[in-house]
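Structure, as structure tokens:
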Amino acid sequence: MVGLKEELLKSIWHAFTALDLDRSGKVLSHNLCTVLNVPHDPVALEEHFRDDDEGPVSNQGYMPYLNKFILEKVQGNFDKVEFNRMCWTLCAKKNLSKSPLLISDEDAFKVWVIFNFLSEDKYPLIIVPEEIEYLLKKITEAMGAGWQQEQFDHYKIALNTSREGLSAWELIDLIGSGQFSKGMDRQTVSMAINEVFNELILDVLKQGYMLKKGHKRKNWMERWFVLKPNIISYYVSEDLKDKKGDIILDGNCCVEALPDKDGKKCLFLIKCLDKTFEISASDKKKKQEWIQAIQTTVSLLRAGSPPPHKEARQKRKELRQKLLAEQEELERQMKELQAANENKQKELETVRKQLEAAAARAAEEEKKRLQTQVELQDRFSLELEREKMVRQKMEEQVAQKSSELEQYLQRVRELEEMYKQLQEALEDERQARQDEETVRKLQARLLEEETAKRAELEKWHLQQQQTIQMTEAEKQELENQRMMKEQALQVAMQQLKLLELERKEALEQYEEVKKKLETAANNTKSWKDKVAHHEGLIRLIEPGSKNPHLITNWGPAAFTEAELEERQRSWKGKKAASE
């Protein structure tokens, strides 16, 4: 009952401070007795609020009557929402901001009730930054948006520099301004506020549509289920107007998953002392969520623990109280340290004076020491000068040796570079020889083909001469054969021309190879001179001697005299055979 009294006092405080002093007591007391289902006591009311100078015109004067005649008689059988709405009606018109907000008056009322739940237990009521962050996170999660921690940190820093927290009306302005719900429409924000209101104020742990099997008719009906810390209520629809029944929960209740049957899926069973309830969720995920939520609720009932959000609020308050106590202890220690520091400063001042006296004595001794040091320094300077001269001579010798070593290394690098270039020149000469051999083989092949073609042409010419000497009777037939052979002769002539062009191209390639070979030989000779100049460190490998090229009526040839004679004999033999 103590916790209930504190919750009621916060709403009553808002209503009392908003009313005029001359009508605050009677109007508020009458409305409180009505909504809290407390019997009216007109005599005590008039006696306590008689119209004289001793009437209670302040919060301190009104509290004794409120505790004695109203709060002590509250049994808890009243509508919390209706009670809060009555207090809201008395205070909202005077305190609610006139500037347009992104939330409705109903949403502002729910934020006001949530403020009373989360505010500190001291007056005037404020909500600290930690609770503001908790509330804004809950609303943001309900909207399905991402939490902007950096934005809130900036807001928190600005808030802490000016005051400890926000009043209820400042909290409504903050949420209604849309500062932490940008990009969300009014309906989304309203649904998020309603979801947080249901959880924190109405103790709704979970709600949603499911199918319930009847106890008498055994039919399945869709119901809107609402899970609270000790009861599950089910309604016809989510407007909560037509309530169909309750499932009372206690520590003896249990919930079990059931296999699919009778065409129903995602079944689970709630067992109580007197009844069992079969329920079908819309999918497996919803089924598991409801089973987990009901099991958690039953576990809290067995342990005698409050709902999770109330337990979390109490832990946050205890944590803040602990931090405040630690801060006060830290401040006390800081004061003790400051006092100890002042004592240390006095002791240091005394020591400083003693050090000054010692410094004066030390200055005189330092003067004598400096005089002796100057004499020693002059003597050391002469010795240092002599050492510098010796060191300079040694450095010059080292520099000379270094120069000689560098020249030697440079000479070695040049020889290595010459060796690499010589290898490249030899490789070029080897490649040129290979190219020359290739061209020589090509020329030989072309010459053989040309010889064969010439022999064939001469054979055809002889056959043509024989055909002319034939009789007149065979002349027509031979004339046709002659035309065909002339055509073949023309084709052979064209091939001969093509061979002539190929021979010329081969000759040009040979000239290019010959030039490359001469260039490689010149490079070799040049490198030979350079190597001989460098003390003969490398022996040049020269190519072998070359025989002079033979000259034919078609140009230079790349074969020997024996090969040429063999080709001539072969050509003459073919010519004689054709004749």
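The values are calculated or read from the model by the stated rules, or taken from the named source; none is laboratory data. If you're wondering where the values come from, they're calculated on a predicted model, not measured in any experiment. All Cβ positions, glycine included, derive from the backbone under ideal geometry; neighbour counts span all protein chains shown. Just so you know, the surface numbers come from the protein's heavy atoms only, side chains and all, with ligands and any DNA or RNA stripped out. Shrake-Rupley method; radii C 1.70, N 1.55, O 1.52, S 1.80 Å.
Per-structure values
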{"read-out": "Over region 206-306, volume per residue of the alpha carbon convex hull, in Å³", "value": "95"}
{"read-out": "Estimated Rh, region 140-227: Kirkwood, alpha-carbon pairs, angstrom", "value": "16.2"}
{"read-out": "Exceeding the 24 Å Cα-Cα cut-off - candidates Lys206/Lys284; Lys26/Lys98; Lys98/Lys241", "value": "Lys26/Lys98; Lys98/Lys241"}
{"read-out": "Restraint check, Lys10/Lys286; Lys504/Lys574; Lys137/Lys275; Lys228/Lys264; Lys401/Lys525, Cα-Cα greater than 28 Å", "value": "Lys10/Lys286; Lys137/Lys275; Lys401/Lys525"}
{"read-out": "Long-range tail of P(r) for region 307-403 (Cα pairs > 15 Å, %)", "value": "82"}
{"read-out": "Set of lysines near Lys335 by C-alpha distance (under 18 Å), chain-local residues within fewer than 8 positions excluded", "value": "Lys344, Lys346"}
{"read-out": "Semi-axis lengths (Å, descending) of the ellipsoid that matches the C-alpha gyration tensor of region 101-157", "value": "20, 17, 10"}
{"read-out": "Volume of the Cα convex hull of region 176-225, divided per residue and given in Å³", "value": "100"}
{"read-out": "Whole-number D in µm² s⁻¹ for region 258-312, Kirkwood Cα-pair radius fed into Stokes-Einstein, 25 °C, 0.890 mPa s", "value": "194"}
{"read-out": "Stretchable slack from Glu456 to Val491, in nm (0.36 nm times residue separation minus alpha-carbon distance)", "value": "11.4 nm"}
{"read-out": "Accessible surface of region 307-403, 1.4 Å probe, proportion on carbon and sulfur as whole %", "value": "56"}
{"read-out": "Cα-projected label distance for Glu512 with Ala303, points at 7 Å along beta-carbon direction, nm", "value": "9.4"}
{"read-out": "Residue-averaged 222 nm ellipticity for the chain, from DSSP H runs of 4+ at -39500 (n - 2.57), nearest 500", "value": "-23500 deg cm²/dmol"}
{"read-out": "Reach of Lys261 by Cα under 16 Å, taken over aspartates and glutamates that are not fewer than 8 positions away in the same chain", "value": "Glu278, Asp283"}
{"read-out": "Evaluated at q = 0.05 Å⁻¹: base-10 log I(q)/I(0), Debye formula over Cα of the chain", "value": "-0.64"}
{"read-out": "Contour minus Cα-Cα distance for Ala576 and Glu329 (0.36 nm per residue)", "value": "75.5 nm"}
{"read-out": "In Å, descending, principal axis extents of the Cα set of region 1-201", "value": "57, 36, 31"}
{"read-out": "Cross-link pairs beyond the 18 Å C-alpha cut-off, checked among Lys73/Lys122; Lys5/Lys93; Lys93/Lys182; Lys212/Lys265", "value": "Lys73/Lys122; Lys5/Lys93; Lys93/Lys182"}
{"read-out": "Unit Cα scatterers, Debye sum, region 375-439: log10 I(q)/I(0) for q = 0.16, 0.18, 0.23 Å⁻¹", "value": "-0.75, -0.80, -0.93"}
